[in-house]
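Working notes for the structure below.
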Amino acid sequence: NENILNLTEPTSKLFDFVFIGQIFKAIGFHINRDLLLNKLVKELNLEIFSSAYDLKYFDFAYHFLKKTILTSLIPLYYSAEKITGKYKSQLEKSLVYPITPYSLRLRKSLRSPVYGKKMYDVINASKVVLNIHADSSPTYASNMRLFETTGVGSCLLTDWKVNINELFKEDEEVVTFRSAQECVDKAKWLLNNSEERNKIALAGQRRVFSSHLFEHRVPEFLEIVKKHLK
């Protein structure tokens, strides 16, 4: 949306490499995200703007207690055949319920969460913005960060998905990775090659304004609705 660009003040790149989003280590949420961030903070100056920053000691105590209580029920799963269906599923999930809501190694890289205009300001002030889909989206690229980052005009480094080339030209309009090490390598390359990084960021922004605005999506949505109403 061009209105967002008007609200976002031009600024120098204050941040090298940022991630903006939630972190919660549980099935269907951010187990893979947490693992990747752990590797990145060891090798790069990654700044993480997340609501995880605001968690208190109580939240950690709650997760530890819940994990302890849930895992104490696991023997029931093996000894009681009546525990089936949703109860069986809940017990299985408790095996991987986090002791802590996120890995403590990330704490030194955490920053206060940003929303609305502040979020766009951080994106605008960043050389490279990392995007990692939630575990609930293992196949398709679909989240808003794809378009928020590119629309503002910053360089996006995102996890590869099967449909990414339907949205952006891979490694021309956005940069993709398929493994943690590839993410590290490409982040370092982008930070060390400002001319190529800026070229990719500009190409990504052009793609958003030519293909991914509301005026492009709404007619497509209406056609789908009309087809199913016939």
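Please compute the modelled spin-label separation between Lys169 and Lys199, points set 7 Å along Cα→Cβ, answer in nm with one decimal. For Lys199 paired with Lys169, the spin-label model returns 1.1 nm.
The Cβ shell under 12 Å around Val162 holds other residues with a net charge of -1, Lys and Arg each +1, Asp and Glu each -1. From most to least packed by mean Cβ count within 10 Å, the peptides 202-215, 142-155 give 142-155, 202-215.
Taking amide H as placed 1.01 Å from N in the peptide plane, Ala141 has its amide H under 5 Å from the amide H of Val162, Asn163, Ile164, each at least 5 places away in sequence or on another chain. Less than 5 angstrom separates the built amide H of Asn131 from those of Leu157, Thr158, Asp159, all sequence-distant by 5 or more or on a different chain.
How large a share of the accessible area of region 117-218, in percent, is made up of carbon and sulfur atoms when the probe is 1.4 Å and the other protein chains stay in place? Please list the in-between numbers first.
Working: 2410 of 4660 Å².
With neighbouring chains kept in place, the figure for region 117-218 is 52 percent.
At a Förster radius of 45 Å, what calculated FRET efficiency corresponds to the Cβ-Cβ distance of Phe209 and Ala180, to the nearest 0.05? Spell out each step's value before the answer.
Values: r = 32 Å, r/R0 = 0.71.
So, using R0 = 45 Å, E works out to roughly 0.90.
Sequence-ordered 3J(HN,Hα) estimates for region 196-208 from the Karplus curve with 6.51, -1.76 and 1.60 and θ = phi - 60° stand at 5, 4, 5, 5, 5, 4, 5, 5, x, 5, 4, 5, 4 Hz, glycine and proline given as x.
The values are calculated or read from the model by the stated rules, or taken from the named source; none is laboratory data. Quantities reported herein were computed from a predicted structural model and do not represent experimental measurements. Positions of Cβ are generated from backbone atoms using ideal geometry, with glycine treated the same way; all protein chains shown enter the neighbour counts. What goes into the accessible areas is simple: the full protein's heavy atoms, side chains included, and nothing from ligands, DNA or RNA. Shrake-Rupley method; radii C 1.70, N 1.55, O 1.52, S 1.80 Å.
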